[in-house]
Amino acid sequence: MSRTDAGTLRLVAATDAHFAALAANEAPDGFGLPEGGVDAREVIELVGGLAKKVRLQIDPAAWLIVDDNEVVGLCSITKPFASPGVVEIGYGIAPERRGRGCATRAVGKLLDLLQADARIGIVAAETAVDNPASQRILEKNGFMRMGGRIDPDDGPVLCWQVAVD
């Protein structure tokens, strides 16, 4: 069953060159960028470095979220095979483009891509306890809350999962 909907939003496999351009607040490959860019340089560099490591197990490991030929965010696999058949994802939308459904559609498209990998049966994600917008994104894509934990960096988080097999 496809989780994606009609529209112009698409995922483009992110390369090291894409991350370098975004970190410099430049639009990669002729795409546009929202005012202020996609995210802070440190965040883009962190996601780019993580993607480089994850690509050793799953390639692609990160995607540009492109809407109307503008890079509006990023999504990625953050923990490949944390346990057999389980990958964890993360996503973020540029502050200037939040509240427009881009993250919801991007997560749906990402689930469709991950479903095509026979090694993956469950996709997991975590959200901050005080981030109801991100929680709604996951709920709209069929994720179920599986409890919570205290992350040493992020504090209290809620844990989510959805089956994709």
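Here, each number is a calculation from the coordinates, and none is a lab measurement. It should be emphasised that the depicted structure is a prediction, and the values quoted were computed from it without experimental measurement. Using ideal geometry, Cβ is built from the backbone for each residue, glycine included, and neighbour counts are taken over all protein chains shown.
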Can you give the three extents of the C-alpha atoms in the chain along their principal axes, from longest to shortest, in whole Å? 39, 34, 32
Whole-number percent relative contact order across segment 91-165, with pairs defined as alpha carbons under 8 Å at least 6 apart: 34
Alpha carbon centre of segment 84-111 versus segment 1-74: separation in Å? 11
Seen from all sides and averaged, what is the projected area of the convex hull of the Cα atoms in segment 85-161, in nm²? 5.3
Let me have the relative contact order for segment 10-163, percent, based on Cα pairs under 8 Å that are six or more residues apart. 18
Local electrostatic count, Leu50, Cβ distance below 14 Å [Lys/Arg +1, Asp/Glu -1]: -3
Stokes-Einstein at 10 °C, 1.306 mPa s, Kirkwood radius from Cα pairs: D for segment 9-99 in µm² s⁻¹? 121
Need one number: nm distance between label points at Ala82 and Leu46, each 7 Å from Cα along Cα→Cβ, rounded to one decimal. 1.6
Theoretical ellipticity at 222 nm over the chain - DSSP helices of four or more residues, -39500 (n - 2.57) apiece, nearest 500: -8500 deg cm²/dmol
I need the peptides 51-61, 83-93, 146-156 ranked by packing, meaning the mean over residues of other C-beta atoms within 10 angstrom, with the highest value on top. 83-93, 51-61, 146-156
Tally Lys and Arg at +1 and Asp and Glu at -1 over the other residues with C-beta under 14 Å from the C-beta of Arg97: what net charge comes out? -3
With charges only on Cβ, +1 for K and R and -1 for D and E, what is the dipole size of segment 1-87 about its Cα centre, in debye, rounded to 20? 520
